[in-house]
């Protein structure tokens with residue numbers, strides 16, 4: 001900041017310096033909602049006490065809070081979300097309400113929308129593993145065989161076949177139930193294992 005040309009007007013930096021407070025401390029306190037008087041007169045201890053009293057949940061650095069923040073950021077900035085109109089329900093604008101509905105984020109899980117067409121709300125969200133989320137995207141191809149419907153990746157795991165082999169068979173036009181039960185050809189790399 002450049003010094004003010006009017007001798008009666010001080011920049012924030014000049015004001016902080018004349019008040020005996022570091023500029024970054026002064027500016028940070030103003031950003032945190034302190035009045036100008038509080039920003040220059042509070043001791044470090046009083047400022048910390050007052051700042052922590054203003055926190056309602058004390059979970060700002062938790063994984064659950066990170067998920068809540070990321071959810072809001074995606075809805076505000078991600079082009080795909082903006083295009084589809086995916087938003088956070090009004091209730092979940094409050095972290096406390098989100099936490100009451102979802103609880104602590106379990107280890108190894110992240111927030112997942114059950115139905116991808118709909119936004120974030122208590123009835124459409126769950127904590128899920130990365131594997132569950134990978135099987136819950138609009139890019140997945142669901143296939144029914146033997147009276148059961150699941151993704152190609154899930155079928156590959158269940159049958160014990162390489163997913164790429166299964167996709168190759170599907171792309172080649174082989175009936176899906178035959179593609180699942182067909183034995184690898186002699187000399188196939190998978191058969192050698």
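The values are calculated or read from the model by the stated rules, or taken from the named source; none is laboratory data. Every value quoted in this text rests on a predicted model; they were computed, and no experiment measured them. For neighbour counting, all protein chains shown are included, and Cβ atoms are generated from backbone atoms with ideal geometry for every residue, glycine included.
The table below lists the values:
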| quantity | calculated |
| --- | --- |
| Which numbered condition residue 141 misses (of (1) surrounded by fewer than 14 Cβ atoms within 10 Å (Cβ to Cβ); (2) in contact with a strand residue (DSSP E or B) (Cβ under 9 Å, 6 or more places away or on another chain); (3) within 30 Å of residue 60 (Cα to Cα)) | (3) |
| Out of 179, 145, 130, sole residue that is under 32 Å from the mean Cα position of the chain (by Cα) and without any contact (Cβ under 8 Å) to a residue 60 or more places away in the chain | 130 |
| Checklist (1) under 30 Å from residue 139 (Cβ atoms); (2) at pLDDT below 85 applied to residue 41, failing item | (1) |
| Scope the stretch 61-79; condition outside any helix (DSSP H, G or I) and closer than 17 Å to residue 127 by Cβ; matching residues | 62 |
| Output for the stretch 117-157, where each listed residue is within 19 Å of residue 86 (Cβ to Cβ), at pLDDT 90 or above and part of a loop (DSSP other than H, G, I, E, B) | 118, 119, 121 |
| Looking only at the stretch 44-76, and only at residues there that are over 30 Å from the mean Cα position of the chain (by Cα) and loosely packed, with under 10 Cβ neighbours inside 10 Å, the one that is modelled with the lowest pLDDT | 45 |
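Every residue, every condition in (1) surrounded by fewer than 16 Cβ atoms within 10 Å (Cβ to Cβ); (2) within 20 Å of residue 74 (Cβ to Cβ); (3) assigned by TED's automatic domain parsing to the domain that holds residue 80, yes or no:
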{"site": "122", "(1), (2), (3)": "yes, yes, yes"}
{"site": "128", "(1), (2), (3)": "no, yes, yes"}
{"site": "148", "(1), (2), (3)": "yes, no, no"}
{"site": "153", "(1), (2), (3)": "no, no, no"}
{"site": "162", "(1), (2), (3)": "yes, no, no"}
{"site": "166", "(1), (2), (3)": "no, no, no"}
{"site": "173", "(1), (2), (3)": "yes, no, no"}
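Residue-by-condition table, conditions (1) farther than 28 Å from residue 58 by Cα; (2) touching a helix residue (DSSP H, G or I) at 6+ places or on another chain (Cβ under 8 Å); (3) in a loop (DSSP other than H, G, I, E, B); (4) free of Cβ contacts under 8 Å to residues at least 40 places away in the same chain:
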site	(1), (2), (3), (4)
81	yes, yes, no, yes
98	no, yes, no, yes
104	no, yes, yes, no
115	yes, yes, yes, yes
